[in-house]
Structures are given as structure tokens and as C-alpha cells.
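The structure appears below as C-alpha cells.
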Amino acid sequence: MALGVRALLSDAAKGIYFIAECGSEAVGQLLLTYEWSDWRNGNFWWVQSVYVVEQFRGGGIFRALFEHVHTLARSRTDVCGLRLYVDAANSRAQEAYRRLGMKKTDYEIFE
């Protein structure tokens, strides 16, 4: 993972991290990566590597990070949507995403 973080930090085209802080302590993070869509002639911003320190969960940290990137996306003409993937068994995360207004799509991921 450390090599991947270093690679991203050395190449802005790969994505960008957003960090939430409480005082001088990092308490949450969100990574955005990009996917070009020829159908929509725009970029999807993919929300990845979401993490909130356990004692700060439920306190609005992820909501603040998500709302920040949502506002940034809406201010640009080249962004056609925000997407994320979530483990099928992570019902807590899925509920958090639903509360933000996100909806499950018809797409499945194969690897």
C-alpha cells in the first residue's frame, strides 16, 4: 500500500487525497481517482480508500469529506458523476452512502 500512496502523491493524474483533521490529528481520509467515460464525455470521480478513525465514526467526518468533493464535482463541467464501490457485506458503509443520497446502480464489478 505504501508504494501505491507514494505513486499517487508523485503523480497528480492518478488522483488526490482529502484529509479531515481534528486539531492536528488526521481523523479521516478520502481518495478520488478518475475514469473517463466516452458515453458521457466526462470524468467519473471514484471515491476510494475511505477511512475514519473509529472514535470519530458517526460524527460527520465522512459526510464532510464527501460533501466537499461533491461540491467540487458540481463546480466543474468535466465531471459527470461520483461513484464508489463497497464490499457487499459492509452494510454499515452502504447505509452511510444511502444517507448521502447515493443509490445502488445496476452495474456489477468483475475482476
Please say if segment 9-62 is rounded, prolate or oblate, where rounded means a/c under 1.5 for a ≥ b ≥ c the square roots of the C-alpha gyration tensor eigenvalues, and otherwise the choice is prolate for a/b larger than b/c and oblate otherwise? prolate
Of all DSSP beta bridges with both partners in segment 2-99, the antiparallel percent, nearest 5, is 75 percent
Report the full-extension gain for the segment Glu111 to Leu84: residue separation times 0.36 nm, less the Cα-Cα distance, to one decimal in nm. 8.2 nm
At most 14 other Cβ atoms within 10 Å and a DSSP loop assignment: could you name the chymotrypsin sites (Phe, Trp or Tyr not before Pro) in segment 41-105 that fit? Tyr85
Residue-wise, which Karplus ³J(HN,Hα) couplings in Hz belong to segment 100-111, taking 6.51 cos²θ - 1.76 cosθ + 1.60, θ = phi - 60°, and x for glycine or proline? 7, x, 7, 10, 5, 9, 7, 7, 10, 9, 10, 9
Per residue of the chain, what 222 nm ellipticity follows from adding -39500 (n - 2.57) for every DSSP H run with n ≥ 4, rounded to the nearest 500? -8500 deg cm²/dmol
Ranking Ala89, Asn43, His70 by how far each Cα lies towards the positive end of the charge dipole of the chain (+1 on Lys and Arg Cβ, -1 on Asp and Glu Cβ), the top one is His70
Relative contact order of the chain: what whole-number percent is it, with Cα pairs under 8 angstrom and at least 6 residues apart? 19 percent
Scan segment 18-111 for trypsin sites (Lys or Arg not before Pro) in coil per DSSP, keeping those whose Cβ has at most 13 other Cβ atoms within 10 Å, and list them by number. Arg40, Arg76, Lys103, Lys104
Euclidean distance between Cα centres, segment 1-49 to segment 70-111, Å: 14 Å
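With charges set only on the Cβ (+1 for Lys and Arg, -1 for Asp and Glu), what does the dipole of the chain come to about its Cα centre, in debye to the nearest 20?
The dipole of the chain has a size of about 320 debye.
Each reported figure results from applying straightforward, stated rules to the coordinates on display, with no laboratory input. Values in this document were obtained by computation on a predicted structure and should not be read as measured data. Heads up, the Cβs are rebuilt from the backbone with ideal geometry, glycines too, and the neighbour counts pull from every protein chain shown.
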